[in-house]
1. If each of A:HIS258 and B:THR35 carries a label point 7 Å out from its Cα toward its Cβ, how far apart are those two points in nm?
2. As a footprinting exposure proxy, order B:TRP105, A:TRP544 by other Cβ within 10 Å, with the fewest listed first.
3. Of all trypsin sites (Lys or Arg not before Pro) in region B:170-274, which ones are in loop regions per DSSP and have a Cβ with at most 13 other Cβ atoms within 10 Å?
4. Towards the positive end of the charge dipole of region B:1-90, with charges on Cβ (+1 Lys, Arg; -1 Asp, Glu), say which of B:ILE51, B:HIS19, B:TYR90 has the farthest Cα.
5. Which value in nm describes the separation of the simple spin-label points at B:ARG66 and B:GLU283, placed 7 Å from the Cα toward the beta carbon?
6. If the viscosity is 0.692 mPa s and the temperature 37 °C, what translational diffusion coefficient in µm²/s does Stokes-Einstein give for the protein assembly as shown when Rh comes from Kirkwood over Cα pairs?
7. What is the Cα radius of gyration of region A:1-71 over 2.2 N^0.38 Å, N being its residue count?
8. I want the antiparallel fraction of DSSP beta bridges within the protein assembly as shown, as a percent rounded to 5.
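Each value in this text was obtained by applying a stated rule to the coordinates, not by laboratory testing. Keep in mind that this is a model prediction, so the values were computed, not measured. Quick reminder, even Gly has a Cβ in these numbers, built from the backbone with ideal geometry, and neighbours come from all protein chains shown.
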Amino acid sequence: MSRFLEFILSHQDQILEQTVEHIGLTVVALAIAVFIGLPLGILLTRYKKLSPSVLGVTGVIQTIPSVALLGFLLPFVGIGVTPAIIALFLYALLPIVRNTFTGIEEVDESVKEAARGMGMSDLQVLRKVELPLAVPVIFAGIRTATVINVGVATLCALIASGGLGEFIFRGIALNNMNMILAGAIPAALLALFLDGLLSIMQKYIRRIIKPLLALACLLIFLIIPFWVVPSLFDHAFRAGFTAEFMERADGYPGFKRHYQISVDTVELDPGLMYNALKEKKVDVICGFSTDGRIKAYDFQVLRDDKHYFPPYHAAPLVRGETLRKYPILRDLFSQLAGKISDKKMAELNYRVDHDKEDPEKVAKDFLKSFYGGARGPRGAGNLLVKNYKSQNTNYKQIPNYNVQNYKPNGIHASMQYHSNSPSSPDSPHSPKFASLATGGMVKTKITIGSKNFTEQYILAHIFALLIENNSSLEVELKTGLAGTKICFDALVNGEIDLYPEYTGTGLLVLLDAEENTRDSILRDEQKVYDYVKAESKRRYDLYWLSPLGFNNTYALMMRGEQAKKLEIETISDLKKYIDQLYL
Amino acid sequence: MIEVTDLTKEFNGFTAVDHISFLVEKGETLILFGTSGCGKTTTLKMINRLIEPTTGGIRINGKDVREQNPEELRKGIGYVIQHIGLFPHYTVEQNIGIVPGLLEWDKPRIQTRTRELMEMVGLPPDEYLGRFPEELSGGQQQRVGLARALAADPPIVLLDEPFGALDLITRRELQKEFKNLENLLRKTMIMVTHDVFEAFDLGDRICLMDQGKIQQIGTAKDLLFSPSNECVRDFFQTNRFQLELQVFRLKDILPELPGEKFVPDNADIMEFEDSVCLGEVLESVEQPSLKKSMLKIRNSFDNSVIETHAEAVLSAFYRIKSSIMS
């Protein structure tokens, strides 16, 4: 608690700034939504035939996940404040339009008839009767929209528009609860405050409607140009980094010192970052060296010529409890050790990111080719080969063996992995058989987690197939967990049994090693692995199994053609270019 | 004067009002009477253009309503509806002041007029001005509704079942007051109702409608004693006796009264104006002792007074009735 207060006090300037940004985003988007939604709702009451289609469209917009909407807007309006306001505006539209429509529709028919019968014009009926009587319903809509907007505005931090989401996402990325709370608590208070403010405004609406309208006009016509327009034209050269990279010790702060480089940065969602670079909204990003989109989008990876980025070797991270219960896991994963190269991983990622193949299919194909490559007498490898083969024929007979809900950018996608589904009772691996085979033990299930990017989805599927095909264990997938912290917490709490993790992340984020230890081992991949293996076991009873082979480290990348044009190949080249840009 | 010519209204192929024509003289009250769905409300709403006719025309004082701006037209026509439709967010005072406000009267004038109208409809202004509709009973609300319709003193008033939402006692009470409102005496009025007693009591003439067509237009007596067809006759069959007593006034039977002077010592003498209808007279005497109930009737023509008893009134009624029927 005291550490939280300490954090608040030491970051109060940032919190204040983010809160102001947050209010700005919310209020401006809301003002536009009211300006457009209110007349639209009124219009619908006059042309009722339009109402189902218009309300339908706004309803559909409401159901689009926020990150997906931001991603959809990216090619058109880029990143920053403009798309944030557009997204918030779209989310605020439905409650306002629908409540205006409903509020006016529900005014007592006899009151409207009396009003018209007395000689009021349509406009007078609207102004003196319908709107005043619909005020409570309309305000309920605006208040709903406000609360939605305060919530969604946190997500807008993912596209570099600022706001309290910056703290929240950095906090999640860094496993820093104080930082999360420093964003989440002001956001919650803000929602309550704005809601309360609106309820007060509702009481005095007749008196304050005119100044309010004037203020809204001012907001829309004065502030927006000042705010939005510069964001369209500014920034000669801009970097888009994820919240995680911006805050981690091995991320931007250290990078800046190591290379003595300084560049304009904006914060971006990891999923949107590549698109932002492709669409020329930013000029350099911090991607991952195995990302399939590097090839897909023709990006140039800048060589880390001063060896800044630490090693990030991927390996399965398993609960000790699980491993003791199912020692077979150790054998199974040892067969994967060193089998996936950087190139191989990038290729698998490319197939999902660019060719839009299903991660599960890619995983399956990989294991097939692996089997082909592993042909011949290889000791324990035979187990894998044999079982994999026999199981392989089963695939075709089980039509529901496919993954639904594949959402690369989804917040959370949980899927049951049922080769042994009850709908295929003939399968020798159905739960009944499994329990017989294990000597009448209760149903055994392994839960595999993954973070929310392509590589993790593929690895999770590879792990799942490997286990299912070579043991009687049943596998459940909980893929798409949003970030390292969530994944790690799920593992520690036993909600998942294992997930693919990277040694560098383990060292710097999960174990948060002391600076001295860290700096002494940071550039040596073996030392890093040994350290995280020993420390994870000691502190959390978690086991790092054999590394898979590839090193998915941070990598700066640019658009290929721009890099070529500017003759930038290494990070030092980039530094030279930027220094010269600011001279 | 309201002139309706060959008026027709169709809704999606259904003919609600079927080629009707009638004329309402200045100062006259015409009742549009019939069962629900007969087209009477549709007819009424075409007069102030809340519904536009399919064919046919309506002229008010010789001017076609369709050549006038509908809002301007409506400001000159009082309008009272069954569900009253008071503005729930306006006080009684604001509700009554709506039309004067639309006509841009100055504030003091609206205030004076509002108080005047509230006195008229029996709501003490000081007590009721600041109240909201939800704080009033149904009867009080319709009084406000009536005051609102009369606020700008329109020469024409349209009433759509104005007492329809009220309980029977309140309804009769309001009808009685309504009949005696001086403000309404000179008005040209069209009232829609399905209450036959209300129709007979308040209308100068009654327009009986059925299935969009006019079956007969005439005074209550015409409809009762010379129905134009079976349909009209059937309409009044159930309440015939009561209706007959209602359409005759003491004035109608005066020539038939013997004018006896005998006054028993212990009898209460009730006094009636000759404009009172027979039904009301008989309601106020005790049925078993018709002979003992003495009445004093003031002849409005020469101001003479006749004393008689209730039984004589009843037999005079029968004599008159049989003379009309034959």
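1. That separation, rounded to one decimal, is 9.3 nm.
2. Working: B:TRP105 17, A:TRP544 21.
Ascending Cβ contact count within 10 Å gives the list B:TRP105, A:TRP544.
3. Working: sites: B:ARG171, B:ARG172, B:LYS176, B:LYS179, B:ARG186, B:LYS187, B:ARG205, B:LYS213, B:LYS221, B:ARG233, B:ARG240, B:ARG249, B:LYS251, B:LYS261; in loops: B:ARG186, B:LYS187, B:LYS261.
Of the trypsin sites (Lys or Arg not before Pro), the ones in loops of region B:170-274 whose Cβ has at most 13 other Cβ atoms within 10 Å are B:ARG186, B:LYS261.
4. B:TYR90
5. Going from the B:ARG66 label point to the B:GLU283 one covers 4.4 nm.
6. Values: Rh = 35.4 Å.
Translational diffusion coefficient: 93 µm²/s.
7. Numbers: Rg = 19.4 Å, N = 71, 2.2 N^0.38 = 11.1 Å.
Expressed relative to 2.2 N^0.38 Å, the Cα Rg reads 1.75.
8. On the way: 48 of 88 bridges.
Once the DSSP bridges in the protein assembly as shown are tallied, antiparallel ones form about 55 percent.
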